[in-house]
Structure formats: C-alpha cells, structure tokens
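Report on the structure given below.
The values are calculated or read from the model by the stated rules, or taken from the named source; none is laboratory data. Computed from a predicted structure; not experimentally measured. Please note: Cβ atoms are built from the backbone with ideal geometry, for glycine as well, and neighbour counts cover all protein chains shown. Heavy atoms of the whole protein, side chains included, go into the accessibility calculation; ligands, DNA and RNA do not. Shrake-Rupley method; radii C 1.70, N 1.55, O 1.52, S 1.80 Å.
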Amino acid sequence: MREMIQAFPELLRTVKIDDRIIERAERESEKGLKGVCFLGMGGSSIAGEYVRSLLSETSPVPLISVRDYSIPRHVDKDWVVIAVSYSGNTEETLSAYREARKRSCTIFSVTTGGELKRVSDTSYVQLIPSGLQPRAALPMLLSVTLNLTQSFLGLDHTDFNEVSRQVALSKKEWVGNLMSPETLASKLNDSVPVFFAHGHLAPVAYRAKCQINENAKYTALSWEIPEANHNEIEASASYKRFSFLPIFLESHFENKRMDQRFSATRAILSSANGLVLKIGSRDRLEEMLSLTLYLDTVSLELADLNGVDSLSVDKISELKARLGG
Ligand code: PA5
C-alpha cells in the first residue's frame, strides 16, 4: 500500500484515454444530453464524487452519482452513464449497469476487466492497469472520469501531466503547513477523527474517512458544512466523552461567508481541540488531490501504528463471499 500511495502523483498521468472513446464522448456532447450518472461503490465511487463536486456548479446538466443497485427513474436514454469498477465484478455496479442498459442510456465503463468488461460494448470501455487495490487506483479512475465528463460537457480537458507534477510538489507543502502524516496519525490514534469540509473538499473528507476505515481498520466520520451547522454542532458537548477529534479541511478557494462559518464552528467545538488542515495549491482540483495524498498517507501511518495490514479488506471480502459472489 505504501508503494501504491507513493505512486499517487504518477498514477494521475498513467492512463491515456483511447481516442475513439473521446470521440464517442464528444459525439454525445454534440447530440445533447440530459445528464451524467456515475455508478460505483467504495473506492471506485470516489472518482465520480470528485468530478461532481468540481463540475456541478458550472455544468448545464445534472451530474448525479449512484452507489446502489438501481438508478433513479428519471435517468433515461438521453443520459450518459459512467460505470466505474476497478475489479469489474461489483454486484451493485453491475446491477445498476444492467438497468441503465435496459433504459438505453449511453454507457461508458472504466475498469480493469471482470464482468463489467465482458458486458460492456468494447468501444465504450476504458481499460486501466490492474494489480492495485481499488482505493489506490483513484488517481487513474479520476483522470479518466474527469476527462470523459469534460468531453460530454464540451469543456477543455484537464492536463493531468501538469496536475501530477503539482501534486508531487505538494509534498513539500507538508513541511511547515501541515504536521507530518506520522504525527497526525499518532494524534488521532485512540480518538475518533471527525472530518468537516465544504464543497469540493467534502468528498475529500469522505475519502479520508473511507481510507482510515479500509487501510487502518479504524473508525472515522465525515460531515459537510453548512449542513453540520444545523445538527452535528449540537452534539459537540459529547465529543470529549467519545474522544472525537474534529479535523477541519479548509480551502483557499472559499468565499468569505464560508470562512466565517468555519471559524464560528471551530470556536463552538473548541473544547474538542480540533485541527485545521489547509494546503497551498493553484486550483481546487490540485487542492483536493494534495490533501487526498496527505490523508491517504495518514491512513497508512495509522495502520502501521496499530499493526494492521493496510492491503487486506477481509471483512469486505467476507461480506461479498457471504452474498455468494
Ligand atoms: O477499496 C476497496 O477495496 C473497496 O472499497 C472497493 O472499491 C469496493 O468494494 C468496490 O469494488 P470495485 O472497486 O472493484 O468495484
């Protein structure tokens, strides 16, 4: 896992999308589409969440994500679906894929193979290299999913060679701006990390929670601001009792009102000794990815501190086996 996380910046530029797939995606944009629906579970769902948070504000059509067996009724033949499954064998994603097929949606798949590759139209499937854990493949899944969605929406493609370079450089930002991943891991060991974030950093908070769950086999929570200001904030008095440690992911690209919200929230939760994570970046995508790389590394350090194997996902495998596949 350490090697996979170290390869994070490099993986952002590993996959070159097949030109024929891009042409097909651009054709969808010319035809006009009603919306884009991302399918995927667990580690494979994160790419769609990141794309949604980046493009929702500017997209003229809805971008939705489905982490379930079925797709909403309004997703019809004029929608584009992107099915993402690293293994290609995830039951819920395959079921939602079949439903999208019945509705005659245009479906693009992103996978290493498996059943998803088998059922997909060969000219609509972008294969990615196998041999990683699905959650460690996020940089590859994201680069493909974002560029594909940009084609559907008639937008310029993000240059992932440049993003990769900037994210690699962002490690230098850790020194001085953030505590080392080892130090943060030891601070949150024996507490429950509770990540708070807004907008494009909300899926980064959720990703951090998932990485801590899967890599360190450790519980964690994530909340979105402003919604958490209307419920979770009332629970702050119990944070000490449960050893909850609030961690605020703050952005350089927030408006003034949201900055005020974060500082007011921190003031109210002050007795819980929360931490702020903020990293210098040129834009929102780089900010998301730089924080993701940092927090992925924290999850690994936490796994090491607890002497657990960050690669294994025995419980997920057991559940899949119990369900018979
Ligand atoms: O990170 C993991 O290993 C899991 O969260 C998987 O991503 C999840 O079980 C879905 O599998 P896949 O990504 O192969 O569709």
With contacts defined as alpha carbon pairs under 8 Å and 6 or more residues apart, what's the relative contact order of segment 163-305 in percent? 36 percent
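Out of the total accessible area of the chain (probe 1.4 Å, heavy atoms of protein only), what percent is carbon and sulfur?
Reported share for carbon and sulfur atoms: 49 percent.
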At a probe radius of 1.4 Å, what is the per-residue accessible area of K217, in Å² to the nearest 10? 90 Å²
Rounded, prolate or oblate: pick one for segment 104-176, where a ≥ b ≥ c are the square roots of the eigenvalues of its C-alpha gyration tensor, a/c under 1.5 means rounded, and failing that, prolate if a/b is larger than b/c, else oblate. oblate
Relative contact order, percent, of the chain when contacts are C-alpha pairs under 8 Å separated by at least 6 residues? 19 percent
By how many degrees, 0 to 90 and rounded to 10, does the Cα axis of helix 202-216 deviate from the longest principal axis of the chain? 80 degrees
Under a 1.4 Å probe, counting only protein heavy atoms, W223 has an accessible area in Å², nearest 10, of 90 Å²
Order of exposure, largest accessible area first, which applies to L323, L33, L291 with probe 1.4 Å: L323, L33, L291
Computed about the Cα centre, the charge dipole of the chain from +1 Lys/Arg and -1 Asp/Glu charges at the Cβ has a magnitude in debye, to the nearest 20, of 420 debye
Partners for K209 among lysines (Cα-Cα distance below 18 Å; same-chain residues under 8 apart left out): K187, K217, K278, K315
Hey, how many Å between the Cα centroid of segment 106-161 and the Cα centroid of segment 175-197? 32 Å
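Helix-only estimate, please: 222 nm mean residue ellipticity of the chain, summing -39500 (n - 2.57) across DSSP H runs of length 4 or more and dividing by its residues, to the nearest 500.
The helix-only estimate for the chain comes to -13500 deg cm²/dmol at 222 nm.
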Shape call for segment 163-305 from the C-alpha gyration tensor, a ≥ b ≥ c root eigenvalues: rounded (a/c under 1.5), prolate (a/b greater than b/c) or oblate? oblate
Relative to the longest principal axis of the C-alpha atoms of the chain, give the angle of the C-alpha long axis of helix 46-55, reported between 0 and 90° and rounded to the nearest 10°. 90 degrees
Difference of contour (0.36 nm per residue) and Cα-Cα distance, R101 to D304: 68.7 nm
State in Å² the accessible area per residue of the chain; use a 1.4 Å probe, count heavy atoms of protein chains only, and round to the nearest integer. 45 Å²
In degrees from 0 to 90, rounded to the nearest 10, what is the angle of the helix 19-31 Cα long axis to the longest principal axis of the chain? 90 degrees
From the protein chains alone at 1.4 Å, what is the descending order of accessible area for H230, H157, largest first? H230, H157
Lysines near K77 by alpha-carbon distance under 19 Å, same-chain residues fewer than 8 away left out - which ones? K31, K34, K102
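Does segment 30-102 come out rounded, prolate or oblate, given a ≥ b ≥ c as the square roots of the eigenvalues of its C-alpha gyration tensor, rounded meaning a/c under 1.5 and, failing that, prolate meaning a/b above b/c?
oblate
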Potential extension, K320-K117 segment - 0.36 nm per residue separation minus Cα distance: 71.1 nm
